[in-house]
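The values are calculated or read from the model by the stated rules, or taken from the named source; none is laboratory data. Bear in mind the structure is a predicted one, so any value in this text is a computation, not a measurement. Note that we place each Cβ from the backbone using ideal geometry, even for glycine, and neighbour counts take in every protein chain shown. Surface accessibility is based on the protein's heavy atoms, side chains included, excluding ligands, DNA and RNA. Shrake-Rupley method; radii C 1.70, N 1.55, O 1.52, S 1.80 Å.
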Amino acid sequence: MLGLLPWAVNTRLPLIDLHRHLDGSIRLETILDLGRRHNIPLPAWTPAELRPHVVVTEPHAGLVEFLAKFQWMIAVLADYDACRRVAYENVEDAAREGIRYIELRFSPCFMASHHHLDPSQVVEAVIEGARQGEADFGVRVNLIGILTRTFGPGLARKELLALLDHKEHLVALDLAGDEASKPAGLFVEHFKEGRDAGWQITVHAGEAAGAASIVEAVEKLGATRIGHAVRAVDDPSVMAMLRERRIGIEANLTSNVQTSTVPNLASHPLRQFLAEGLLACINTDDPGISGIDLPHELDVAAPAAGLTPEDVDQMLRNAWEMAFLGEDEKHSLISS
Ligand code: ADE
Ligand code: ZN
């Protein structure tokens with residue numbers, strides 16, 4: 001397949017981020033502004049003082065501890081305007097990073113949780129903000145709906161229905177949250193309905209649970225891409241499955257250190273994934289929580305993980321191949 005791609009004609013590789021949570025990517029200034037507007041008691045009132053409450057600097061004990069950092073971002077989502085605004089600003093931030101195509105994902109029930117918003121109206125607001133940002137900043141944007149597994153299958157059904165209300169505006173369905181205690185098998189019906197709706201499937205797996213969780217995501221939920229997939233490295237048969245089926249791996253380097261999924265960047269398996277011919281690319285996960293952006297991940301985190309400039313170029317090509325875009329859209333991304 002790659003042989004048909006027009007890279008040989010000296011194409012500049014577009015920057016692409018396929019795995020970014022827009023609800024983990026809210027500016028400190030916006031948290032403060034929304035906090036003031038809605039009289040929300042924040043722990044600090046300047047960006048410098050708020051930063052340690054929101055941005056992770058040291059590794060956390062695990063994923064669940066890391067996810068607790070989202071508290072202030074979600075606390076300020078007091079109405080649908082706030083949801084629209086953060087979606088819009090996510091696109092503006094992507095443009096500033098030089099990103100040409102981004103897939104932004106979000107969990108409507110998580111975003112709705114603090115102020116008891118209607119999840120379907122949250123989805124509508126996010127779509128409006130992202131579309132306006134796309135028009136204003138010239139970044140191509142696709143949206144991915146998340147089912148937050150932490151809430152269990154019952155609330156995930158409510159979340160699915162909110163997403164299905166707007167199904168033509170979303171390209172894919174994801175499963176995120178507490179992987180260790182809520183296995184993919186609990187969500188088989190939800191993902192069947194998502195596939196029936198015409199969505200692509202990507203699932204967080206092999207981050208806070210083992211390689212078997214990746215197999216479950218592929219076999220039970222129909223994932224064609226996996227978020228993280230770090231633990232694949234523990235099982236040669238899972239590595240072979242990912243390679244043979246050309247399942248895309250959405251890697252997130254800094255995030256994996258901060259959640260203690262890996263002890264440090266040097267021991268991250270991404271280098272091995274590429275060496276063994278797996279289809280993997282570099283993404284940001286939650287840039288507002290992690291205090292990073294895509295250029296940082298490509299220019300600083302990737303070399304620290306032992307990746308060469310050629311590896312980074314390969315991963316930008318992989319991201320293009322993995323993108324949830326039609327063939328024509330993919331080609332217009334590199335010809336414009
Ligand atoms: N939600 C936001 N970031 C996440 C991550 N790294 N894993 C699972 N769920 C998430
Ligand atoms: Zn993620």
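Among residues of region 213-229 being in contact (Cβ under 8 Å) with a residue 24 or more places away in the chain and out of contact with any strand residue (DSSP E or B) (no Cβ under 8 Å at 6 or more places or on another chain), the one that is surrounded by the fewest Cβ atoms within 10 Å (Cβ to Cβ) is 220. Of everything in region 9-63 that is in a loop (DSSP other than H, G, I, E, B) and basic (Lys, Arg), the residue that is surrounded by the fewest Cβ atoms within 10 Å (Cβ to Cβ) is 12.
Take region 138-185 and flag every residue that is away from ligand 1 (no atom under 16 Å from the Cβ), farther than 19 Å from residue 324 by Cβ and surrounded by fewer than 17 Cβ atoms within 10 Å (Cβ to Cβ). Result: 138, 153, 154, 157, 158, 161, 165, 185.
Residues being hydrophobic (A, V, I, L, M, F, W, C), farther than 19 Å from residue 146 by Cβ and free of Cβ contacts under 8 Å to residues at least 24 places away in the same chain are entirely absent from region 252-273.
I need the full set of residues from region 79-109 which are of a type outside the set (Ser, Thr, Tyr) and open to solvent by 20 Å² or more (accessible area, probe 1.4 Å), in order please. Answer for region 79-109, where residues must be of a type outside the set (Ser, Thr, Tyr) and open to solvent by 20 Å² or more (accessible area, probe 1.4 Å): 79, 81, 84, 85, 89, 92, 93, 95, 96, 97, 98, 100. The set of residues from region 256-270 being away from ligand 2 (no atom under 16 Å from the Cβ) and either among the β-branched types (Val, Ile, Thr) or within 30 Å of residue 95 (Cβ to Cβ) (or both) comprises just one member, 265. Only helices (runs of 4 or more DSSP H) wholly contained in region 218-336 count here; list those with 3 or more residues that are away from ligand 1 (no atom under 16 Å from the Cβ). Hits in region 218-336: 236-244, 270-275, 309-322, 327-335.
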